[in-house]
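See structure below.
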Amino acid sequence: MISIARLNGIRGLDLEAGTLTCEAGITIDEVCGYLDKRGYALQYCGNHGGQTLAGALATGTHGYGRDGGLMSGS
């Protein structure tokens, strides 16, 4: 088994490109907190903030409603 628990850093926010680069083990709560402090938010995210970014992307985490997209599509 491989743990990604310590791969939880944020590498950078590119405002021009509108991208956030972070490591796979970061939680959705940590990503949201980082973005919120800077006046940004995720377009889609699940309702379990303890889920890792890699887990959310791999399992098709989506927004609410039938027309919402997947996190992995962002």
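Readers should treat all values here as calculations from the given coordinates under stated rules, not as data from a laboratory. Because the structure is a prediction, the values reported are computed rather than measured. As a convention, Cβ positions derive from the backbone with ideal geometry for all residues, glycine included, and neighbour counts pool all protein chains shown.
Are there any trypsin sites (Lys or Arg not before Pro) in region 1-52 that are in a DSSP loop and have at most 16 other Cβ atoms within 10 Å? List them by number.
When the trypsin sites (Lys or Arg not before Pro) of region 1-52 are filtered for loop state and at most 16 Cβ neighbours within 10 Å, Arg6, Arg38 remain.
Full-extension gain between Arg38 and Thr19, please, as 0.36 nm times their residue separation minus the C-alpha to C-alpha distance.
Working it through step by step, the gained length comes to 5.5 nm.
Label point 7 Å out from Thr59 along Cα-to-Cβ: which residues of region 14-31 have amide N under 12 Å?
28
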